[in-house]
1. Give just the number: which of (1) under 18 Å from residue 115 (Cβ atoms); (2) assigned to a helix (DSSP H, G or I) does residue 191 not satisfy?
2. Being among the charged types (D, E, K, R) and without any contact (Cβ under 8 Å) to a residue 24 or more places away in the chain is the filter here; which residues of region 212-263 pass it?
3. Could you list, in sequence order, the residues of region 118-158 that are modelled with pLDDT of 90 or more and more than 20 Å from residue 173 (Cα to Cα)?
4. If residue 177 satisfies every condition in (1) of a type outside the set (Lys, Arg); (2) part of a loop (DSSP other than H, G, I, E, B); (3) surrounded by 19 or more Cβ atoms within 10 Å (Cβ to Cβ) but one, which is the exception?
5. If you check 243, 213, 249, which single one turns out to be in contact with a Gly (Cβ under 9 Å, 6 or more places away or on another chain) and surrounded by fewer than 22 Cβ atoms within 10 Å (Cβ to Cβ)?
6. Condition test on residue 192, is it without any contact (Cβ under 8 Å) to a residue 12 or more places away in the chain and of a type in the set (Gly, Ala, Ser)?
7. Residue 57 passes all but one of (1) assigned to a helix (DSSP H, G or I); (2) modelled with pLDDT under 80; which number fails?
8. Going by the conditions given, is residue 128 within 20 Å of residue 71 (Cβ to Cβ) and either more than 14 Å from the chain's Cα centre (by Cα) or surrounded by 19 or more Cβ atoms within 10 Å (Cβ to Cβ) (or both)?
Amino acid sequence: MPRMLDLSDEVRAEIGDEEADRLLAGENAPGAYDCTSCRTPGDSERERTSTVLFVGDETAVLAFAHATCLPSQIVEVAEEQLQGAVRSITGEAGGAARTVPDLPPEQAVLGVTSGLVLIENELQPALVVEPTGPIARPSAAPSGGDDFLPLLIEQGFTPMTSLAGVPPTVHGWSVLLAMGQLHAILQPGTGGGPQVAWWQAHQPLQVTEGWRAAANKLQSVLLFAAPAGAIGRQPREDLLRDALDRSAARGQLVACAMPLAGT
């Protein structure tokens, strides 16, 4: 039976016309499925359904999502993350880190922590990114300096001297939630190509119900970034806010808002 599938040109090009036609005809697509974003049941025979292709170095996994949760797209993820998803490994709470592509030649590692931050009398879902050490400009000779914040400012992030207001949105970036967990921070692809992962969780990162509810309400996530040692791992959201305020006062904080992908 034909399926009500949304199949983007990028996904079709990746899987090939023959496989795409089989999916649309219902030969290889399930009727009932669990949405890869919200994890609730879906039915591709009765409601619009997106095909989402997760691509690693050696593995590709085709998943299905309510069209209202995610558009049909290709998401590049780490091979070990994809293998973990296949094995249905759940993520750890609190934070995660992995090697970041395209920034430092020495493969700096970023730590990412989620939390709710009160700005303009509204709780904002936020991610705080802090590297484990200095980040050098790509192809630059080692100098002992740290170009992490300048690199992000060049991408459109805004220097923050206080947390009095919500930072502007940076276009082309997004935060990917899938299966109810944080999977990646996506940046624009080169040459107008599909988004690629700027940061991706080694294992999907759980967020609190309050964080997820705020993100779904606002359809936007704030991302704060600070140099190594500026924030630290804070066990409570009030302590995290204090650390952000101190970092902003020292001129060591940049931020942006970016759209939420998924739920």
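The values are calculated or read from the model by the stated rules, or taken from the named source; none is laboratory data. What you see is a predicted model; the values in this text were computed from it and never measured. For neighbour counting, all protein chains shown are included, and Cβ atoms are generated from backbone atoms with ideal geometry for every residue, glycine included.
1. Condition (1) is where residue 191 drops out.
2. Going residue by residue through region 212-263, those that are among the charged types (D, E, K, R) are 212, 217, 233, 236-238, 241-242, 245-246, 250.
217, 236, 238, 242, 246, 250 - these are the residues of region 212-263 that are among the charged types (D, E, K, R) and without any contact (Cβ under 8 Å) to a residue 24 or more places away in the chain.
3. Hits for region 118-158 are 118, 119, 120, 121, 122, 123.
4. Going through the list (1) of a type outside the set (Lys, Arg); (2) part of a loop (DSSP other than H, G, I, E, B); (3) surrounded by 19 or more Cβ atoms within 10 Å (Cβ to Cβ), residue 177 breaks only (2).
5. Numbers: 213 fails: in contact with a Gly (Cβ under 9 Å, 6 or more places away or on another chain); 249 fails: in contact with a Gly (Cβ under 9 Å, 6 or more places away or on another chain).
Only one candidate passes the filter, namely 243.
6. Working: without any contact (Cβ under 8 Å) to a residue 12 or more places away in the chain: yes; of a type in the set (Gly, Ala, Ser): yes.
The answer is yes for residue 192.
7. That leaves (1) as the condition not met.
8. Details: within 20 Å of residue 71 (Cβ to Cβ): no; either more than 14 Å from the chain's Cα centre (by Cα) or surrounded by 19 or more Cβ atoms within 10 Å (Cβ to Cβ) (or both): yes.
Answer is no for this residue.
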